[in-house]
Amino acid sequence: MKKNILVILGHPDTDSFCGSLSKAYIDSARASGSEVRELQIGELDFDPILWNGYNKIQELEPDLVNAQDLIQWSNHMVFVYPNWWGAMPALMKGFFDRVFLPGFAFEYRGGSLPDKLLSGRTAHMMVTMDTPPWYYRWIYHRPGHNEMKRTILEFCGIKVVKISEFAPIKGSSQQQREKWLAIAKTLGSKA
């Protein structure tokens, strides 16, 4: 089955190493025959603050309406983002607050657990960090990965099939970064 892949770049700076990983993945996935579209959160025009929670409807900006359309179109999503202070950047969190809304991503219908409205989709998380992966896992217990995988994506029905870590970025050589870009290309070619 051909995949409709949506790549979401969560780094506010599109010229970051995350941006390079995203591009490597996209180019390779397209070359392998997948249809790929992309969202660069740092380029979207929206207020990342959900001012009244779910108590009052906050009209979606056109870029967020488009984001919802692309999510509906996709059957696989790839999230490329840095891990800052143990989790995703604030702008990316604001994106989820504003886009993954009741009636779109989930819906409470009586019980305490919601209907998962984005079921049938898969996701791949590609995460850069300065923290060594072993330390992030065993000392910190992967707080950002757990937030993203369990309390956002799986809450809405999206099955995370892979988490790829690129770390530590700080102090990495150009040779190491080239190896990571080659990994992103390989991941894209297998999408």
(request) Can you give me the ranges of the helices (runs of 4 or more DSSP H) entirely in the range 124-191 with at least 1 residues that are touching a Lys or Arg at 6+ places or on another chain (Cβ under 8 Å) and under 22 Å from Asp97 (Cβ atoms)? (result) none
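For (1) charged (D, E, K, R); (2) within 24 Å of Ala167 (Cβ to Cβ); (3) touching a Ser or Thr at 6+ places or on another chain (Cβ under 6 Å), each residue gets a yes or a no:
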{"position": "Lys2", "(1), (2), (3)": "yes, no, no"}
{"position": "Thr14", "(1), (2), (3)": "no, yes, no"}
{"position": "Glu35", "(1), (2), (3)": "yes, no, no"}
{"position": "Asn55", "(1), (2), (3)": "no, no, no"}
{"position": "Gln68", "(1), (2), (3)": "no, no, no"}
{"position": "Gln72", "(1), (2), (3)": "no, no, no"}
{"position": "Pro82", "(1), (2), (3)": "no, yes, yes"}
{"position": "Phe100", "(1), (2), (3)": "no, no, no"}
{"position": "Ser112", "(1), (2), (3)": "no, no, no"}
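Quick grid of which residues meet (1) basic (Lys, Arg); (2) over 19 Å from the mean Cα position of the chain (by Cα); (3) at pLDDT 95 or above; (4) crowded, with 16+ Cβ neighbours inside 10 Å:
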{"site": "Ser119", "(1), (2), (3), (4)": "no, no, yes, no"}
{"site": "Gly144", "(1), (2), (3), (4)": "no, no, yes, yes"}
{"site": "Glu147", "(1), (2), (3), (4)": "no, no, yes, yes"}
{"site": "Thr151", "(1), (2), (3), (4)": "no, no, yes, no"}
{"site": "Ile169", "(1), (2), (3), (4)": "no, no, yes, yes"}
{"site": "Gln175", "(1), (2), (3), (4)": "no, yes, yes, no"}
(request) Give the range 118-144 a look and list any residue that's farther than 21 Å from Ser20 by Cα and in contact (Cβ under 8 Å) with a residue 12 or more places away in the chain, or say none. (result) Leu118, Ser119, Gly120, Arg121, Thr122, Tyr136, Tyr140, Pro143, Gly144
(request) Name the residue, out of Asn66, Asn55, that is out of contact with any strand residue (DSSP E or B) (no Cβ under 7 Å at 6 or more places or on another chain) and assigned to a helix (DSSP H, G or I). (result) Asn66
(message) Filter the range 2-32 down to the residues that are touching a residue at least 12 places away in the same chain (Cβ under 8 Å) and in a loop (DSSP other than H, G, I, E, B) and list them by number.
(response) Lys2, Lys3, Gly10, His11, Pro12, Asp13, Thr14, Ser16, Ser32
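The values are calculated or read from the model by the stated rules, or taken from the named source; none is laboratory data. This one's a predicted model, so the numbers in the text were calculated from it and none came from an experiment. A quick note on method: Cβ atoms are made from the backbone with ideal geometry, for glycine too, and the neighbour counts reach across all protein chains shown.
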